Amino acid sequence: MKRHIIIVSGLVLLLISAPLLSSHVQPAEWGKPLGAAYDGPEGKSRSVTPAPLELAPDERATMAVFERATKSVVFIANTAIQRDPWSFDLFEAPQGSGSGFVWNKQGHIVTNFHVVYGANSIRVTLSDRSEYKAVLIGADPDHDLAVLQIQAPDETLSPITVGSSNDLRVGQKVLAIGNPFGLDHSLTTGVVSALGRTIKSLSNRTIEGVIQTDAAINPGNSGGPLLDGTGRLIGVNTQIVSPSGAFAGIGFAVPVDTVNRIVPELIKHGKLIRPGLGVSLVPDAMAKRWGVKGLIIGKVSRGGAAERAGLQGARETLPGRVELGDVILSVSGKPVTTVDELMDVMEDHKVGDRVAVEILRANRRQSVTVTLQAVN
């Protein structure tokens, strides 16, 4: 009997003491804070998992490309002169911003034309935060390209490494560096989503061979470089497709092969010197209204390539009556029905090239050879 009493007493002691021993680790009511006095494991910092001894090779490669290429990327801000509607005073107001990159040690900066369009003053900020006034050296609105120049010490200028775009493949890794929304030197990565796209420039001309990418491109990225996995320039980020105006998975870049052909022309001449036939053409809409499938020559430049080849423009036969000139059907074997298509064909040629031009004259097809001349 005495032994039984001892056991019961032990049980009573256990039941009484158990809540006292565990009260400090009891969780609070579900959905509420644990309380300041709680000292259980949930109220303490999690243990840190040690980092791997080395980063993944792909990570290291991306970091190396960024560290090297970011030295070439610049921030561009432009201002325009505006008039105060109340005082009528003139003042400079921020008009836009974008990105660009150093082309050479002479301080030439490449960017998009639309980044500097309409600017009265342009400022370029290098990767070391130094800022310089820039002047517009040349522009090609049809390809949305422009070249600026700054006066900066050689040691602050890091020209970008130029690659090629004719050997790109869909799925290839790409990196975009720029200043989206004014956030300087932002890096995004992705792949080449498609090749050979066409987009419209600010001048409503078609830009051919454009690179499509899913690397995030937002306002402020325009004019910045699109790089391959080794850090070579493969394009200039130009446009996005987005219902909201922000990135939606489709960005476009002007291919570097186009950039590498046009930029030297802009540096030398301030504009792109194009090859041409030396003719003025009747507007596409008028030719379509007349039911003509081809390009109607309105006027032949005196002493120009077309005149030397024997091409004929429209002429007045009687007062108020005009006889149509030759109709261009194809150039270099490629059919042309719009001025845009003709300019696309000219992209594949240079001044001095001899091209076969098929024309329709008096309802008869014939071919003539034209030596292309320089045109503005």
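The values are calculated or read from the model by the stated rules, or taken from the named source; none is laboratory data. Nothing here was measured: the structure is a model prediction, and the numbers come from that model. Neighbour counts run over all protein chains shown; Cβ positions are idealised from the backbone, glycine included.
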Point to revise | Enumeration of residues in segment 348-376 that are over 20 Å from GLY303 (Cβ atoms) and surrounded by 17 or more Cβ atoms within 10 Å (Cβ to Cβ) | key: GLU358, LEU360
Point to revise | Selection count where residues are part of a helix (DSSP H, G or I), closer than 16 Å to GLN373 by Cα and either aromatic (Phe, Trp, Tyr) or within 37 Å of the chain's Cα centre (by Cα) (or both), scope segment 280-312 | key: 2
Review point. Within the group VAL345, VAL368, which residue is in contact with a Ser or Thr (Cβ under 8 Å, 6 or more places away or on another chain) and outside the structural domain of THR206 (by TED's automatic domain parsing)?
Key: VAL345
Check your understanding: Are any residues in segment 88-111 of a type in the set (S, T, N, Q) and at pLDDT below 85, and if so, which ones?
Key -> GLN95, SER97
Check your understanding: Can we say SER332 is among the small types (Gly, Ala, Ser) and touching a His at 6+ places or on another chain (Cβ under 9 Å)?
Key -> yes
Point to revise | Filtered residues of segment 108-122 (kept if assigned to a strand (DSSP E or B) and either among the acidic types (Asp, Glu) or surrounded by fewer than 17 Cβ atoms within 10 Å (Cβ to Cβ) (or both)) | key: SER121
Practice item. Could you please give the count of residues in segment 50-74 that are loosely packed, with under 12 Cβ neighbours inside 10 Å and either at positive phi or in a helix (DSSP H, G or I) (or both)? Key: 5
Check your understanding: Identify, please: which residue in segment 123-174 is among the small types (Gly, Ala, Ser) and outside any strand (DSSP E or B) and is, among those, farthest from ILE76 (Cα to Cα)?
Key -> GLY171
Point to revise | segment 133-157, subset buried (at least 19 other Cβ atoms within 10 Å of the Cβ) and of a type outside the set (A, V, I, L, M, F, W, C), residue farthest from ILE273 (Cα to Cα) | key: GLN149
Check your understanding: What pairs can you find where one residue is in segment 196-210 and assigned by TED's automatic domain parsing to the domain that holds THR338, the other is surrounded by fewer than 16 Cβ atoms within 10 Å (Cβ to Cβ) and modelled with pLDDT of 85 or more, and their Cβ atoms are less than 7 Å apart, with a gap of 6+ or different chains?
Key -> none
Review point. Does segment 196-215 hold any residues that are among the aliphatic types (A, V, I, L, M) and within 18 Å of THR111 (Cα to Cα), and which are they?
Key: ILE199, LEU202, ILE207, VAL210, ILE211
Practice item. Please verify whether segment 267-279 includes one or more residues that are at pLDDT below 90, surrounded by 15 or more Cβ atoms within 10 Å (Cβ to Cβ) and outside any loop (DSSP other than H, G, I, E, B). Key: yes
Practice item. Starting from segment 54-65, keep only residues that are of a type in the set (A, V, I, L, M), then list their pairs with residues that are part of a helix (DSSP H, G or I) and surrounded by 11 or more Cβ atoms within 10 Å (Cβ to Cβ) whose Cβ atoms are within a distance under 9 Å, requiring at least 6 positions of separation or different chains. Key: LEU55/MET63
